[in-house]
Amino acid sequence: MNIISLENVSKNYGFKPLFENVTLGLEDRDKIGIIGANGSGKTTLLRVIAGLEEPDSGRVIRAKGNSLAFLSQNPQFDDNLTVLETIFASSGGVMQTILEYENACHELAAGDHSPKLLERVSELQHELEMNGGWEIETNARSVLTKLEIHDTSAKMGTLSGGQRKRVALAHELIFKPDILILDEPTNHLDADTIEWLEDYLQRYTGALLLVTHDRYFLDRVTDRIVEVDRATVQSFAGNYAYYLEKKAEQEELRAVEGHK
């Protein structure tokens, strides 16, 4: 069952079409890599799928009730918020409870052992037990550790570009959406962290769309490739190695037909 469908979607950049008449379906367990030359429209296609940009024609249909997270290449933040606030504050419900719990724990660690704070910590622990928040909190700690985000009290304005991208990635992974869209997620990551992210995404049970220049990453994580090339979009039912094989066959066929 498709959770997102594109029907005859087109998008122009000025007078130039980025892609035209795209019809594409995304199922709930798909892991799709979007590839194409620089400037071909990969990021724009991601943004249209995510609902961050409207197509010039056609329509995007999203099944109701599915959560979606989008990691951009250059995420924007409020520089005055802490890392912890940035990761959790934009989400409601259990994520907000975890934020309050973590902040309370920071106060405890700083030496505040007032009865009021101890009572609040106990209340928050009970809330996390009731709404299943401990599993998310445990996952959050694991993700932060693996992404080497240690000082969660630091202000976002003090972080480097690479650190900011890691915080943004942590937010999307901890959020555990039904649909995860990642634009160049391996930028600013070292080899060990990329290997961990590969494993994380292989185990991820939602729908995944990603753009990356890391061909090995594509090979290990995706099971479907969507190519944006000369304003057309073509889908290949396999990983990047499968795409290369099928693309070579297509080029060979074109060459044969061109000589007829």
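Brief remarks follow.
- Inter-part distance where segment 91-146 and segment 182-260 are each reduced to a Cα centre, Å: 39 Å
- Net length gained if the chain between Lys247 and Lys16 were fully extended (0.36 nm per residue, minus Cα distance): 80.7 nm
- Pairs beyond 18 Å (Cα-Cα), from Lys16/Lys246; Lys11/Lys42; Lys146/Lys176; Lys42/Lys176: Lys16/Lys246; Lys42/Lys176
- Principal axis extents of the Cα atoms in segment 140-205, from largest to smallest and rounded to whole angstrom, are 34, 24, 22.
- Distances between placed amide hydrogens fall under 5 Å for Glu53 paired with Val48, all partners being 5 or more residues away or on another chain.
- Taking every alpha-carbon pair under 8 Å whose residues sit at least 6 apart, segment 152-215 reaches a relative contact order of 40 percent.
- Ellipsoid semi-axes for segment 172-260, based on the Cα gyration tensor and the rule √(5λ), read 30, 14, 11 Å when sorted largest first.
- Using only side-chain charges placed at the Cβ, +1 for Lys and Arg and -1 for Asp and Glu, the dipole size of the chain relative to its Cα centre rounds to 780 debye.
- Relative contact order for segment 1-127: 21 percent, from Cα pairs under 8 Å spaced at least 6 residues apart, divided by residue count.
- Förster-model FRET efficiency, 30 Å R0, Arg141 and Glu107, C-beta, rounded to 0.05: 0.95
- Per residue, in Å², the accessible surface of the chain once ligands and nucleic acids are set aside, probe 1.4 Å: 52 Å²
- Amide H contacts of Ile149: none lie under 5 Å away among residues 5 or more positions distant or on a separate chain (H built 1.01 Å from N in the peptide plane; Pro and chain starts excluded).
- FRET efficiency estimate (nearest 0.05) - Cβ-Cβ, His150 to Arg62, R0 41 angstrom: 0.65
- Size descriptor, Kirkwood hydrodynamic radius, that averages inverse alpha-carbon separations across segment 63-214, Å: 16.4 Å
- Amide hydrogen neighbours beyond the local backbone of Ile4, cut-off 5 Å, H modeled: Leu26, Ala63
- Rounded to the nearest 500, the helix-only mean residue ellipticity at 222 nm of the chain stands at -14000 deg cm²/dmol, with each DSSP H run of n ≥ 4 adding -39,500 (n - 2.57).
- Of the residues Leu169, His106, Ile3, the one whose Cα sits farthest toward the positive end of the charge dipole of the chain, with +1 on the Cβ of Lys and Arg and -1 on the Cβ of Asp and Glu, is Ile3.
- Sorted from longest to shortest, the spans of the Cα atoms of segment 66-150 along the three principal axes equal 45, 29, 22 Å.
- Using θ = phi - 60° and Karplus 6.51 cos²θ - 1.76 cosθ + 1.60, couplings along segment 21-33 (whole Hz; Gly, Pro as x): 6, 7, 10, 8, x, 10, 8, 5, 10, 5, 10, 10, x
- At 1.567 mPa s and 4 °C, Stokes D of the chain from Kirkwood alpha-carbon radius, µm² per second: 64 µm²/s
The values are calculated or read from the model by the stated rules, or taken from the named source; none is laboratory data. Here the structure is a predicted model, which is why all the values come from computation and not from measurement. As a convention, Cβ positions derive from the backbone with ideal geometry for all residues, glycine included, and neighbour counts pool all protein chains shown. Just so you know, the surface numbers come from the protein's heavy atoms only, side chains and all, with ligands and any DNA or RNA stripped out. Shrake-Rupley method; radii C 1.70, N 1.55, O 1.52, S 1.80 Å.
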